[in-house]
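Reviewing the structure listed below.
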Amino acid sequence: MSCGKGIFKRAYATIGVFDGIHRGHQLIFYQMLQRARHKGGRCVLVTFDPYPGEIFAPNNPIRRLQTEDQKRRFLVELGFEGMLVVGFSRELSQMSPGSFLDEILLAQLDLEELYVGYDFRFGRDREGGIEELESLSRSRGFRVFQVPALVDEGMPISSSRIRQALLAGDVASARRWLGRPHALEGRVVRGRGEGTRLLFPTANLELDPRILLPKDGVYVVQVEVETQVRGGVMNIGRRPTLTKSTFSNVEVHLFDWNLDLVGKTLQVHILTRIRSEKRFRSVEALKKAIQDDMSQARAALSRMGENTISEGDGVEQLRSVC
């Protein structure tokens, strides 16, 4: 997939932050991909980095659901051919709708059709809506399609709802709205060896600090490491029984894996939550709880099947979740 500057010819594009690429986003993508394939065009996603919220609230930014690498890989799987990353700034936010179209989008896209969500706004103070976009498009030679919201439990599926669910430990709702298990990506760094001393070695994950962490607790996971998938248990928390860290750590124990993971990048797919983190009276009580967690995780993985993270790809995946 091509990224960066340069003219994207015969572009069928959509624009937005698309954090998490949830089912509402996928509905937009599905309609655009089907149309582009029928017409012989190129599918291009236009997005922003940094995110607008990271500019306007730098001291309390909205945490991201995925890394940019995760987003790019998922877009390739879905069939996108290009991604235009616009550097967001306060100056950019003050552009008029027409200037934004001409100087940002049309300067790099040979645009045939633009697909936007139900709540799309653009330009200075978000003053441009669908009516203005359609008016501007007519004089600039491209068509606009607005895709309605995808509603679940009476409310549109949104990145904000998914963040709230993850912060509450509700990974089932997050999975339903994403159309797949939520995944954390991180590099394994050398830890203090506490898991090994407890006879349960763990991989300590270093994550992008902009990424949202789910609620502290113990989770059943499936982990992609290189070309393999392993079940396991993940703990997010401050290790209150052992060290009482001042911040949450992410540790993963992989079942049936004995090789060194330090320096490797893991994709950790969160399947279900076992329990909250708690402080135990003794190390022995902690070891007993970990054994129970592992037994529950193995049982859960057995019920779910060998590989629950492979849920289709490309347009077939979009069709299944939309």
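Every number here is computed from the coordinates shown, using simple stated rules; none is lab data. The structure presented is a predicted model; accordingly, all values stated were derived computationally and were not measured. Methodologically, a virtual Cβ is constructed for each residue, glycine included, from the backbone with ideal geometry; neighbour enumeration extends over all protein chains shown.
At-a-glance table
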read-out	value
Global form of region 2-152, assessed from the alpha-carbon gyration tensor, a/c cut-off 1.5	rounded
Whole-Å semi-axes of region 181-304's equivalent ellipsoid (Cα gyration tensor)	20, 17, 15
Cα-based helix-to-principal-axis angle, 23-39 vs the chain, degrees rounded to 10	50
Estimated inter-spin distance, Lys288 and Thr265, nm [label 7 Å along Cα→Cβ]	4.2
Full-stretch length increase - Arg10, Met155 - with 0.36 nm per residue and alpha-carbon distance subtracted	48.7 nm
Approximate shape of region 120-165 as ellipsoid semi-axes (Cα gyration tensor, √5λ), whole Å, largest first	28, 13, 8
Order by protection proxy (mean Cβ within 10 Å, highest first), peptides 139-148, 204-213, 178-187	178-187, 204-213, 139-148
Per-residue Cβ neighbour rank within 10 angstrom, fewest leading, Met155, Met95	Met155, Met95
Cross-link reach list, aspartates and glutamates versus Lys215, counting only Cα pairs under 16 Å and skipping chain neighbours closer than eight places	Asp170, Glu251, Glu277
Per-peptide average of other Cβ atoms within 10 Å, ordering 28-37, 292-301 highest first	28-37, 292-301
Inter-label distance for Phe56 and Ala107, nm, one decimal - labels placed 7 Å from Cα along Cα-to-Cβ	2.2
Calculated FRET efficiency for the pair Arg90/Gln34, C-beta based, R₀ 30 Å, to 0.05	0.20
Links that overshoot a 29 Å alpha carbon limit, given the list Lys71/Lys288; Lys264/Lys287; Lys71/Lys287; Lys71/Lys278	Lys71/Lys288; Lys71/Lys287; Lys71/Lys278
Nitroxide proxy distance, nm - points 7 Å out along Cα→Cβ at Ser248 and Asp208	1.7
Listed peptides 14-23, 157-166 by packing density, highest first (mean Cβ within 10 Å)	14-23, 157-166
